[in-house]
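Input: a single structure, listed below in structure tokens.
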Amino acid sequence: MPQTPLADRIRPKTLTDYVGQPHLVGKNGIIRKLIESDQLPSMIFWGPPGSGKTTLAFIIAQTTKSHFINQSAVTTTLKDVRKAVGEAKERLTLYHQKTIFFLDEIHRFNKAQQDAFLPHVEKGIIILIGATTENPSFEVIGPLLSRCRIFVLNPLEPKELGKIINRGIKELKIKISPKALEFLIQASNSDARIALNAIEIADSIHESGKKASLQLIKEVFQKQTLLYDRAGEEHYNTISAFIKSMRASNADAALYYLARMVEAGEDPLFIARRMVIFASEDIGMAQPTALVVANEVFRACETIGYPECQENLAHGVVYLALAKKDRSAYDAYFRALDDVKKHGNLPIPLSLRNAPTKLMSQLGYGKGYEKYPDKIKSLLPEKLKNRRYYV
């Protein structure tokens with residue numbers, strides 16, 4: 001119907017029409033093989049927004065003639081889950097029909113809510129297909145993960161996204177200039193839903209009979225949204241790239257990843273804390289003042305806040321990236337820590353023990369201690385006497 005969102009109106013109903021994810025649904029794709037063998041396990045689809053998770057779940061249900069329940073973790077309650085499971089059990093018993101329970105944004109369900117699926121997935125009453133944009137290792141409980149197959153959906157390639165956009169254009173019976181199409185593909189950030197929503201808005205405001213221009217599409221995209229979730233996988237990917245860029249002394253890359261985090265609204269204190277850690281871990285003895293600079297950046301972020309503190313962050317990032325690197329203190333400490341864990345509380349040499357009482361002095365506590373020995377001698381426990389940590 002005309003009022004139905006464009007993404008739903010052109011949603012593919014078969015694998016033949018599905019666009020993207022050839023590693024899963026291509027000729028030798030694992031999901032295609034599971035459908036053909038009618039051996040569907042419960043699954044978790046992990047992929048970026050607009051990569052086809054909901055559509056793929058719908059096609060699986062259509063192809064296997066399963067009853068399809070489409071829910072979002074944002075609005076679904078445990079009461080809804082129990083009701084759906086009860087109906088699925090009745091459907092399976094009376095009509096031998098499977099039920100696919102699709103739960104979008106499964107990462108938004110807490111542990112107790114996810115636990116509710118376990119017995120029903122285990123017994124095969126429902127086939128759960130969870131969809132998430134965040135790493136399921138962080139967001140889905142272990143028992144549920146162990147009962148599901150994890151399938152990773154990749155961001156749509158430009159050609160794949162262009163194919164989907166052309167379907168939408170055909171459905172709306174509109175024309176779009178080549179430059180506008182090129183910009184739309186780029187600005188949609190591999191998200192088919194964003195692209196289709198954009199051309200639907202463009203269709204509603206552009207003059208009938210004229211091509212949708214580049215300027216019109218740019219107006220629809222007043223501000224491009226960066227792909228970044230502050231609690232999930234992209235968060236960890238970006239901070240990892242940021243640290244590794246500073247470690248490689250690549251100030252340009254470090255500034256780029258800093259800018260991505262700042263633009264996405266990342267907590268400046270989180271960034272500054274990582275810089276303080278980096279100053280000791282990676283620069284250390286090569287330039288001890290790096291820790292002073294990093295701490296001052298943290299204090300500046302704490303005192304000033306956004307937007308001005310982004311300048312302090314940039315200053316600190318360039319300084320840390322260009323500083324000489326030396327992990328000797330960091331590595332030495334963890335070598336010592338390994339011995340502590342391995343050997344436990346070894347007896348401290350008597351010469352280093354405190355002797356606050358006469359008895360302790362008589363027992364040899366503190367005997368032979370020199371404040372400033374002429375030569376370097378081991379002060380370690382006897383078992384580690386010749387051990388060297390710091391080189």
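The values are calculated or read from the model by the stated rules, or taken from the named source; none is laboratory data. Every value quoted in this text rests on a predicted model; they were computed, and no experiment measured them. Quick reminder, even Gly has a Cβ in these numbers, built from the backbone with ideal geometry, and neighbours come from all protein chains shown.
I'd like to verify a number: residues in the stretch 308-350 that are without any contact (Cβ under 8 Å) to a residue 24 or more places away in the chain and over 31 Å from the mean Cα position of the chain (by Cα), how many?
Of the residues in that region, 6 qualify.
So which residues in the stretch 7-63 are of a type in the set (A, V, I, L, M, F, W, C), in a loop (DSSP other than H, G, I, E, B) and within 17 Å of residue 126 (Cα to Cα)?
Just the residues of the stretch 7-63 that are of a type in the set (A, V, I, L, M, F, W, C), to begin with: 7, 10, 15, 19, 24-25, 30-31, 34-35, 40, 43-46, 56-61.
Next, only the ones that are in a loop (DSSP other than H, G, I, E, B) stay: 10, 15, 19, 40.
40, the sole residue that qualifies.
Anything in the stretch 301-325 that is buried (at least 16 other Cβ atoms within 10 Å of the Cβ) and in a loop (DSSP other than H, G, I, E, B)? List them, or say none.
Residues satisfying the conditions are 323, 325.
Does residue 329 fit the bill of being within 28 Å of residue 250 (Cβ to Cβ), assigned to a helix (DSSP H, G or I) and outside the structural domain of residue 238 (by TED's automatic domain parsing)?
Details: within 28 Å of residue 250 (Cβ to Cβ): yes; assigned to a helix (DSSP H, G or I): yes; outside the structural domain of residue 238 (by TED's automatic domain parsing): yes.
Spelling it out, residue 329 is indeed within 28 Å of residue 250 (Cβ to Cβ), assigned to a helix (DSSP H, G or I) and outside the structural domain of residue 238 (by TED's automatic domain parsing).
Pairs needed: first member in the stretch 17-29, more than 18 Å from residue 166 (Cα to Cα) and at pLDDT 90 or above; second member anywhere, assigned to a loop (DSSP other than H, G, I, E, B) and among the hydrophobic types (A, V, I, L, M, F, W, C); C-beta distance under 7 Å; at least 6 residues apart or different chains.
Hits for this filter: 21/153; 25/15.
Output the residues belonging to the stretch 334-391 that are modelled with pLDDT under 85, of a type in the set (Lys, Arg) and part of a helix (DSSP H, G or I).
Within the stretch 334-391, 358 is the sole residue that qualifies.
Residue check: is residue 195 buried (at least 20 other Cβ atoms within 10 Å of the Cβ) and either at pLDDT below 80 or over 25 Å from residue 305 (Cβ atoms) (or both)?
Numbers: buried (at least 20 other Cβ atoms within 10 Å of the Cβ): yes; either at pLDDT below 80 or over 25 Å from residue 305 (Cβ atoms) (or both): yes.
Yes: the conditions hold for residue 195.
Table: residues versus (1) surrounded by 13 or more Cβ atoms within 10 Å (Cβ to Cβ); (2) more than 30 Å from residue 9 (Cβ to Cβ).
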| position | (1), (2) |
| --- | --- |
| 99 | yes, no |
| 107 | yes, no |
| 127 | yes, no |
| 133 | yes, no |
| 143 | yes, yes |
| 153 | yes, no |
| 159 | no, no |
| 164 | yes, no |
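Take the residues of the stretch 257-272 that are exposed (fewer than 15 other Cβ atoms within 10 Å of the Cβ) and part of a helix (DSSP H, G or I): which is modelled with the lowest pLDDT?
263
Please indicate, with yes or no, whether at least one residue in the stretch 25-38 is surrounded by 21 or more Cβ atoms within 10 Å (Cβ to Cβ), farther than 30 Å from residue 94 by Cα and assigned by TED's automatic domain parsing to the domain that holds residue 115.
yes
If residue 171 satisfies all but one of (1) among the acidic types (Asp, Glu); (2) touching a strand residue (DSSP E or B) at 6+ places or on another chain (Cβ under 8 Å); (3) not assigned by TED's automatic domain parsing to the domain that holds residue 44, what's the number of the condition it fails?
If we test residue 171 against (1) among the acidic types (Asp, Glu); (2) touching a strand residue (DSSP E or B) at 6+ places or on another chain (Cβ under 8 Å); (3) not assigned by TED's automatic domain parsing to the domain that holds residue 44, just (2) comes out false.
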